[in-house]
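Here the structure is laid out as structure tokens; the discussion comes afterwards.
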Amino acid sequence: MATVRMKRPITIWVLFFWLFLLALGGLYGGIAMLLDPSGSLLQMTEVLPLLPVKDYILPGLFLLGVMGVFPLFLLYGLLIRPKGLLDKSIISPARYHRAWTGTVVLGILLAIWLFIQGILIGFQWPIQYLTAINGLLIMLFAFLPSVRRFYHQRQ
């Protein structure tokens, strides 16, 4: 039986843009924190005493992996929509492609990350507001009916 391929709505391309922007920021921030764990490269040395870590290695790894590399994997999955073991759950068939589900999980992780930042260091830098807006737009576009319809798994 032939597979019916839907044309990607423009809203998916906008979602790709926001994920790519998040990935760029995560890669930049993560690499900068790992290259200089003191925070001076990012001009964040005064923030370090407010954090429960001695340097920026752990936050850098988180930014690099979760906010940098993970969105790139999601972009690949959203673009290619590969089939694999994770397409179906053990209990019941998955309703949406795993890359769409991962995008929603990423949006939740980003909200938690920003919430923890707000508690620990406050919200005082423009990048925090830009990241929050980026996260909101990722979630907004992921839940648009045209995007959900495109990634809905046909049973």
Answer yes if at least one residue in the range 82-93 is of a type outside the set (A, V, I, L, M), modelled with pLDDT under 95 and either closer than 23 Å to I121 by Cβ or part of a helix (DSSP H, G or I) (or both), and no otherwise. yes
Some residue of the range 142-149 being surrounded by 18 or more Cβ atoms within 10 Å (Cβ to Cβ), touching a Ser or Thr at 6+ places or on another chain (Cβ under 9 Å) and not polar (S, T, N, Q): yes
Is there a residue in the range 28-49 that is touching a Phe, Trp or Tyr at 6+ places or on another chain (Cβ under 8 Å) and touching a residue at least 60 places away in the same chain (Cβ under 8 Å)? no
Inter-residue pairs, beta-carbon under 6 Å, first within 17 Å of R148 (Cβ to Cβ) and in the range 1-26, second assigned to a loop (DSSP other than H, G, I, E, B) and modelled with pLDDT of 95 or more, 6+ apart: T11/L144
Can V69 be described as surrounded by 13 or more Cβ atoms within 10 Å (Cβ to Cβ) and at pLDDT below 95? no
Tell me which of these Y96 doesn't satisfy, since it passes every other one: (1) modelled with pLDDT of 90 or more; (2) surrounded by 15 or more Cβ atoms within 10 Å (Cβ to Cβ). (1)
Here's a check for you: in the range 117-141, which residue that is among the small types (G, A, S) and under 13 Å from the mean Cα position of the chain (by Cα) is surrounded by the fewest Cβ atoms within 10 Å (Cβ to Cβ)? A132
Quick one: which of G39, G26 is under 16 Å from T131 (Cα atoms) and of a type outside the set (S, T, Y)? G26
Scan the range 103-112 and tell me whether some residue there is touching a Ser or Thr at 6+ places or on another chain (Cβ under 6 Å), surrounded by 18 or more Cβ atoms within 10 Å (Cβ to Cβ), at pLDDT 95 or above and at negative phi. no
Would you check which residues across the range 111-155 are free of Cβ contacts under 8 Å to residues at least 24 places away in the same chain, polar (S, T, N, Q) and part of a helix (DSSP H, G or I) and list them? Q117, Q128
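The values are calculated or read from the model by the stated rules, or taken from the named source; none is laboratory data. It should be emphasised that the depicted structure is a prediction, and the values quoted were computed from it without experimental measurement. Note that each Cβ is placed from the backbone with ideal geometry, even for glycine, and that neighbours are counted across all protein chains shown.
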